[in-house]
1. Determine which member of the set Lys200, Lys193, Lys181 is in contact with a strand residue (DSSP E or B) (Cβ under 7 Å, 6 or more places away or on another chain) and of a type in the set (Lys, Arg).
2. Given the structure, is Ile185 under 18 Å from Ile233 (Cβ atoms) and surrounded by 15 or more Cβ atoms within 10 Å (Cβ to Cβ)?
3. Quickly run through the range 142-176 and pick out the residues that are surrounded by fewer than 22 Cβ atoms within 10 Å (Cβ to Cβ) and among the charged types (D, E, K, R).
4. Is it the case that the range 135-157 has a residue that's farther than 17 Å from Val50 by Cβ, in contact with a strand residue (DSSP E or B) (Cβ under 7 Å, 6 or more places away or on another chain), modelled with pLDDT under 95 and among the hydrophobic types (A, V, I, L, M, F, W, C)?
5. Here are some residues: Leu205, Leu218. Which one is hydrophobic (A, V, I, L, M, F, W, C) and over 17 Å from Gly167 (Cβ atoms)?
6. Being within 22 Å of Thr144 (Cα to Cα) and of a type in the set (D, E, K, R) is the filter here; which residues of the range 173-209 pass it?
7. Mind listing whichever residues of the range 113-128 are surrounded by fewer than 20 Cβ atoms within 10 Å (Cβ to Cβ) and either in contact with a helix residue (DSSP H, G or I) (Cβ under 6 Å, 6 or more places away or on another chain) or within 21 Å of Asp74 (Cα to Cα) (or both)?
8. Which members of the range 47-58 meet the condition of being out of contact with any Asp or Glu (no Cβ under 9 Å at 6 or more places or on another chain) and either at pLDDT 95 or above or closer than 14 Å to Ser141 by Cβ (or both)?
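The values are calculated or read from the model by the stated rules, or taken from the named source; none is laboratory data. Everything numeric here is computed off the predicted structure, so don't read it as measured data. Ideal geometry is used to build each Cβ from the backbone, glycine not excepted, and the neighbour counts take in all protein chains shown.
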Amino acid sequence: MNKVKYQRILLKISGEALGGETGKGIKPLVISDVAKKIADVHETGTQIAVVVGGGNLWRGEAGEQLGMERPQADYIGMLGTIMNALALQDALEKVNVATRVQTSIEMRQVAEQYIRRKAIRHLEKGRVVIFAGGTGNPYFSTDTTSALRALEINADVILMGKNGVDGVYSDDPNINPDAVKYEQITHMDIIQKGLKVMDKTASSLALENNIPLIVFDLNDPENITRIVRGESIGTLIEGDK
């Protein structure tokens, strides 16, 4: 086992990251690539929990704009995260990483129901645990799920993998060439500056409980492992010093 800085991590992967260049649909080759990155981290001995989004398949806000009731639209999105979780589980097990999917919506035929103590036990046994179905409630994003589950399992850090974005910037770097990258920033700064990192509920939860968050580029195959070993990658977001 290699020396690591973080013993237990919560990795947030957006649905778009599983959808490849278009950010749409489930791309097996892309998911296989993500699984290999997670497998590399798993070899260090770090315990890994994953929260997957569902934006590659459905977004509740979009459904609401089309005239659907928001709770119904959000439930569809939760089912999308479960589809992504099952695809990622399949890819992880193909590279010999024992994996469990736990959902906040009971679906016994395909996954375990989320039970905090059981999830922690899986992690202690070296299994990757994928949390799907969001919080199980409408109006809450998978960002909020990430902060909530990280606190529940006592994760050392939340790693938020972005598709082609290497950290937090003062503005959209794809639009504003003068945007400045932050190497380190506080949760309060994120809220006060209105930076689009996590939604406000998730940011407030992370702030109140002082859990660190690292935003990094998921496309670099070594980034997660380098972060776990203590290298400064992406942007570190912490509480006020």
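1. On the way: Lys200 fails: in contact with a strand residue (DSSP E or B) (Cβ under 7 Å, 6 or more places away or on another chain); Lys193 fails: in contact with a strand residue (DSSP E or B) (Cβ under 7 Å, 6 or more places away or on another chain).
Answer to the check: Lys181.
2. Working: under 18 Å from Ile233 (Cβ atoms): yes; surrounded by 15 or more Cβ atoms within 10 Å (Cβ to Cβ): yes.
Against the criterion (under 18 Å from Ile233 (Cβ atoms) and surrounded by 15 or more Cβ atoms within 10 Å (Cβ to Cβ)), Ile185 qualifies.
3. If the condition is that a residue be surrounded by fewer than 22 Cβ atoms within 10 Å (Cβ to Cβ) and among the charged types (D, E, K, R), then Glu152, Asp156, Lys162, Asp166, Asp171, Asp172 are the ones that fit.
4. There is no residue in the range 135-157 that is farther than 17 Å from Val50 by Cβ, in contact with a strand residue (DSSP E or B) (Cβ under 7 Å, 6 or more places away or on another chain), modelled with pLDDT under 95 and among the hydrophobic types (A, V, I, L, M, F, W, C).
5. Details: Leu218 fails: over 17 Å from Gly167 (Cβ atoms).
Result: Leu205 is the single residue among Leu205, Leu218 that is hydrophobic (A, V, I, L, M, F, W, C) and over 17 Å from Gly167 (Cβ atoms).
6. Looking only at the range 173-209, we keep the residues that are within 22 Å of Thr144 (Cα to Cα), and these are 184-209.
The answer is Asp189, Lys193, Lys196, Asp199, Lys200, Glu208.
7. Gln113, Arg116
8. Filtering the range 47-58 down to residues out of contact with any Asp or Glu (no Cβ under 9 Å at 6 or more places or on another chain) leaves 48-50, 52, 54, 57-58.
Hits for the range 47-58 are Ile48, Ala49, Val50, Val52, Gly54, Trp58.
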